[in-house]
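**Q** Take a look at the following structure, please.
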Amino acid sequence: MTVVIDRVSKPDPEKREGPVSAAERLRKKDAVGGLYKARVPIYPKLVHGKWRAIKWALLVVMLGIYYVTPWIRWDRPGKLPDQAVLVDFAGRRFYFFDIQLWPQEVHFITGLLIISALSLFLVTALFGRLWCGYACPQTVWTDLFIYVERLFEGDRNARMRLDAAPWSFNKLWRKAGKHLTWLGIGFATGGAWIFYYHDAPTLIRDFWIGEAPATAYIFAALLTFTTYVFAGFMREQVCTYMCPWPRIQGAMLDHHSLQVTYRYDRGEPRGPHKKGQAWEGRGDCIDCNACVVACPMGIDIRNGPQLECINCGLCIDACDDIMKKVGRPHGLIAYDTDSAVAERRVGNRPRYKFVRPRTVYYAVALVFVSGLMIWGLLTRPAFELHALRDRNPTFVRLADGDIRNGYTLKIANRTFAPQVVEIGFAGVPQARVKSPGHAAGQPLRITAQPNEVTAVRVFVTADPDDLAGTSTPASFEIRSGGETLRTKTTFLSGAANP
């Protein structure tokens, strides 16, 4: 056997001992142009520490809220669904405990979206991409999928060896178990989602016996597929290429925003360190790459702020663990600001400015919109009244010369109990209001059904001498208890004197 020793080629600095994974093989391929680059698998290493514990706690809390909320019961009268949170498309209602929103109250949904956006802007301006690192559904489900992957395939090195190994029974059952569990989680995700749109106990029974609406099966399958693909295969690609927020958030950040930061003022110059060596004349970074292999986005935080970084803090835990082993202080990688790092580099004391023009603007706007929302909900009337005047004929002249107009009143009762309301008419003196089925000459009272729109046919008769002309401004009003609600209309009469 001939052995060829290459004394000319320089060693590859990225070469590592051990098995070569599929990811490493793809990285070594020289991609030649094109708009699409195949995904390079990332094998994040499990780390332990404060930020990893916070992520686990938030994952459990948020998934618990998502899966449990549709099952919270809330007593409602009649045939209304006894569900605390429900988007009822069939009944055109949104229920949130004691709050119910009707289709014409879309401004409350708009206000909620504005509050969410302003909250995201404020948090990002202060603390960077905390939403992306801890609360985004893509991050939460990806964390859960990686946890399942570790259960079946082991940590980083074991997963790399398994991917590089030829197919065997061991590899087959581990891969199959992982994917089946992923599909189960995806199905639970889609199944929980559809419960928000129907009464959950009823739907789960109908779903398994094949009597649920077709939309329930379609959306359960769609959410199962997207969860399986996004969290199982695309992962960081969703955050980098599909989500617009990494590009938008750049406008929210400045040099005073707290972000996961490599403190180069302390870490450089970096390099390997042997036990017993002095630390004078060098930085604390020993170039161990622990922060890189822990990153679920596959980036090196030491290269500075990057679009892919989701500020999850796992590189902080990885680095702190290494610093503890080599006897150096924690915090080489930490939540810090570019301004503070620059100040320390020149020997100045860092200053942290949380009150800045942009944070003040976001906070004031958030308080203002939140106040409007709260005021709107607290002062929202229990009823809504609309008057639809007959268009054909617009008015009728009776045999005695009086003029009669016909109207249809739509009374929306937003409460959960029947309400007796008295209907009045103002703007035309001595006008007489009558409704079919109600005695003439008596106050017109009707019962508005709970959580429904009650239509009432009303005729208003007036003497032509009491009218201001061909069109007289008027208004209907309804009274219930101490509450009075009015809506404007007109009384038409043609020529006042025929």
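The values are calculated or read from the model by the stated rules, or taken from the named source; none is laboratory data. Every value quoted in this text rests on a predicted model; they were computed, and no experiment measured them. Neighbour counts are summed over all protein chains in view; Cβ atoms, including those assigned to glycine, are modelled from backbone coordinates with ideal geometry. Ligands, DNA and RNA are stripped out before the accessible areas are found, and what is left, the full protein with its side chains, is counted by its heavy atoms. Shrake-Rupley method; radii C 1.70, N 1.55, O 1.52, S 1.80 Å.
**Q** What size of dipole, in debye to the nearest 20, comes out for the range 108-219 about its Cα centre when the only charges are +1 on Lys and Arg C-beta atoms and -1 on Asp and Glu C-beta atoms?
**A** Here the range 108-219 has a charge dipole of around 560 debye.
**Q** While we're looking at this one, here's another question. Quick check of the Kirkwood formula: for the range 40-165, what is the inverse mean of 1/r over all pairs of different Cα atoms, in Å?
**A** Roughly 18.3 Å, rounded to one decimal.
**Q** Which peptide among 374-383, 409-418 comes first, and what is the full order, when sorted by highest mean count of other Cβ atoms within 10 Å?
**A** With the highest mean Cβ count within 10 Å placed first, the list reads 409-418, 374-383.
**Q** When DSSP assigns beta bridges and you keep just the ones with both residues in the chain, what percent turn out antiparallel, to the nearest 5?
**A** 100
**Q** Between residue 180 and residue 217, what is the FRET efficiency for a Förster distance of 25 Å, r being their Cβ-Cβ separation, to the nearest 0.05?
**A** Given R0 = 25 Å and the Cβ-Cβ separation, E is 0.80.
**Q** Here's a follow-up. Which helices pass in the chain if a helix is a full DSSP H run, must span at least 24 angstrom along its long axis by Cα, and must have mean Kyte-Doolittle hydropathy not below -1.0?
**A** Working: long enough: 50-68 (27 Å, 1.13); 106-127 (31 Å, 2.28); 169-194 (37 Å, 0.09); 357-378 (31 Å, 1.50).
Passing helices, by number: 50-68, 106-127, 169-194, 357-378.
**Q** Give me a comma-separated list of calculated 3J(HN,Hα) values for the range 444-456, in order, Karplus coefficients 6.51, -1.76, 1.60 applied at θ = phi - 60°, integers in Hz, x for any Gly or Pro.
**A** Running phi through 6.51 cos²θ - 1.76 cosθ + 1.60 with θ = phi - 60° gives 7, 10, 9, 9, 8, 6, x, 6, 9, 9, 9, 9, 10 Hz.
**Q** Right, something else. Tell me which residues come under 5 Å, amide H to amide H, from residue 335 once H is placed; ignore anything under 5 positions away on its chain.
**A** Hits under the 5 Å cutoff: 261.
**Q** Taking the Kirkwood radius as the inverse of the mean 1/r across Cα pairs, report the Rg/Rh of the range 237-286.
**A** Across the range 237-286, the Cα-based Rg/Rh ratio is 1.24.
**Q** From the phi of every residue in the range 329-336, what ³J(HN,Hα) in whole Hz does the Karplus formula 6.51 cos²θ - 1.76 cosθ + 1.60 yield, where θ is phi - 60° and glycine or proline is x?
**A** With the stated coefficients, the range 329-336 comes to x, 5, x, 5, 10, 7, 6, 8 Hz.
**Q** When the dipole is taken about the Cα centre of the range 356-485, and only Lys, Arg (+1) and Asp, Glu (-1) are charged at their Cβ, what size is it in debye, to the nearest 20?
**A** Details: 14 positive and 11 negative charges, 131 e Å.
In total the dipole reaches around 620 debye.
**Q** Show me, for the range 72-88, the HN-Hα J-couplings you get by feeding each phi into the Karplus relation (A = 6.51, B = -1.76, C = 1.60, θ = phi - 60°), rounded to Hz, glycine and proline as x.
**A** 6, 8, 8, 5, 10, x, x, 8, 5, x, 7, 10, 5, 10, 8, 9, 9
**Q** Now for a separate question. Can you compute the modelled spin-label distance between residue 277 and residue 415, with each label point 7 Å from Cα toward Cβ, in nm?
**A** 7.9
**Q** Based on the Cβ-Cβ distance from residue 229 to residue 119, what FRET efficiency comes out when R0 is 25 Å, to the nearest 0.05?
**A** Efficiency, rounded to the nearest 0.05: 0.30.
**Q** A further question follows. Measuring from centroid to centroid over Cα atoms, what is the spacing of the range 370-417 and the range 280-329 in Å?
**A** Here the answer is 65 Å between Cα centres.
**Q** So, one more: Return the equivalent ellipsoid semi-axes of the chain as a descending list in whole Å, where each equals the square root of 5 times an eigenvalue of the C-alpha gyration tensor.
**A** 67, 29, 19
**Q** Testing the spin-label approximation: label points 7 Å from Cα along Cα→Cβ at residue 408 and residue 46. State their distance in nm.
**A** The answer from the label model is 6.6 nm.
**Q** With the other protein chains left in place, how much accessible area per residue, in square angstrom, belongs to the range 140-271 at a 1.4 angstrom probe?
**A** Each residue of the range 140-271 exposes 49 Å² on average to a 1.4 Å probe.
**Q** Further question: Using a probe radius of 1.4 Å on heavy atoms only, what accessible surface per residue do you get for the range 349-455? Whole Å² is fine. Walk me through the intermediate numbers first.
**A** Numbers: 6480 Å² over 107 residues.
On a per-residue basis, 61 Å².
**Q** Right, something else. List residues of the range 118-151, by number, whose backbone nitrogen lies under 14 Å from a label position 7 Å along Cα→C-beta of residue 169.
**A** The answer is none.
**Q** Compute the signed sum of charges (Lys and Arg +1, Asp and Glu -1) over the other residues within less than 15 Å, Cβ to Cβ, of residue 405. The partial results should precede the final answer.
**A** Values: positive: 389, 391, 397, 404, 432, 434, 457, 488; negative: 390, 402, 463, 466.
Counting the neighbours of residue 405, the net charge comes to +4.
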